[in-house]
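The values are calculated or read from the model by the stated rules, or taken from the named source; none is laboratory data. Remember, it's a predicted structure, so these values are computed and weren't measured experimentally. Using ideal geometry, Cβ is built from the backbone for each residue, glycine included, and neighbour counts are taken over all protein chains shown.
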Amino acid sequence: MTIIFLISCSESTESELIPFNSKLFPQQWQLVAMTGSIANMPPITGRKMSWQESYTLNTNKTFVKSRDINGNISLATGTYTFVILSDGTYLELTYISENNLIGNCTSDLKEILRLNDSQDKLTATWWACDGPGLFYERKQ
């Protein structure tokens with residue numbers, strides 16, 4: 001009688017073992033791709049994008065949004081919270097004053113981004129009303 005043992009080993013990277021932690025700060029989310037309103041057009045990435053942009057989320061529930069258009073940097077600030085709804089987790093930003101960096105469908109001081117299921121990407125909800133599709137990845 002012969003007995004055969006099969007052993008399977010798999011390597012896990014540290015990033016697979018550490019889930020997203022909405023309590024770990026600061027966080028920096030970098031714009032990595034954008035789309036327009038024309039169907040079936042591939043996303044624009046990197047330096048080809050119309051602007052470079054990031055959100056920095058601080059421990060004290062404040063954020064800074066930074067946009068760089070050809071070396072001209074604009075900043076906007078406010079507070080944030082993570083909101084869990086039936087269809088997923090959202091980052092809700094509330095700006096302290098009106099600013100042309102606010103991307104939303106309502107012209108108020110709020111901006112909402114959806115956290116994807118693997119919790120490593122944010123998608124702006126602005127494109128629901130013909131704004132650009134903006135896609136962010138966590139860099140820190």
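Go through (1) free of Cβ contacts under 8 Å to residues at least 24 places away in the same chain; (2) within 17 Å of the chain's Cα centre (by Cα) for Asp120 and report which single condition fails.
It fails just one condition, (1).
Cβ-Cβ distance below 9 Å, separation of 6 or more or different chains: which pairs start in region 56-77 with a residue that is at positive phi and end on one that is assigned to a strand (DSSP E or B) and not aromatic (Phe, Trp, Tyr)?
From residues that are at positive phi, the pairs are Lys61/Thr79; Lys61/Thr81.
Residue by residue, here is whether (1) at pLDDT below 95; (2) aliphatic (A, V, I, L, M) holds:
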| residue | (1), (2) |
| --- | --- |
| Ser54 | no, no |
| Leu57 | no, yes |
| Thr62 | no, no |
| Asp68 | no, no |
| Asn72 | no, no |
| Gly78 | no, no |
| Val83 | yes, yes |
| Ser97 | no, no |
| Cys105 | yes, no |
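Could you go through region 68-82 and let me know if any residue there is among the charged types (D, E, K, R), closer than 17 Å to Lys139 by Cβ and surrounded by 14 or more Cβ atoms within 10 Å (Cβ to Cβ). Quick ask: steps written out before the conclusion?
Start the filter on region 68-82 by keeping residues that are among the charged types (D, E, K, R), which leaves 68.
Right, trim to closer than 17 Å to Lys139 by Cβ and you get 68.
With surrounded by 14 or more Cβ atoms within 10 Å (Cβ to Cβ) added as a condition, the list becomes none.
Scanning region 68-82 turns up no residue that is among the charged types (D, E, K, R), closer than 17 Å to Lys139 by Cβ and surrounded by 14 or more Cβ atoms within 10 Å (Cβ to Cβ).
Would you please name the residue that is farthest from Val64 (Cα to Cα), looking only at residues in region 91-109 that are surrounded by 13 or more Cβ atoms within 10 Å (Cβ to Cβ) and of a type outside the set (A, V, I, L, M, F, W, C)?
Narrowing region 91-109 to residues surrounded by 13 or more Cβ atoms within 10 Å (Cβ to Cβ): 91-95, 99, 101-105, 109.
Of the ones still in play, those that are also of a type outside the set (A, V, I, L, M, F, W, C) are 92, 94-95, 99, 103-104.
Numbers: Glu92: 13, Thr94: 11, Tyr95: 9, Asn99: 12, Gly103: 14, Asn104: 17 Å.
Checked region 91-109; the qualifying residue farthest from Val64 (Cα to Cα) is Asn104.
Residues that are within 22 Å of Phe25 (Cβ to Cβ) and hydroxyl-bearing (Ser, Thr, Tyr): find the strands (runs of 3 or more DSSP E) completely inside region 35-140 holding 3 or more of those.
Hits in region 35-140: 52-57, 72-85, 88-95.
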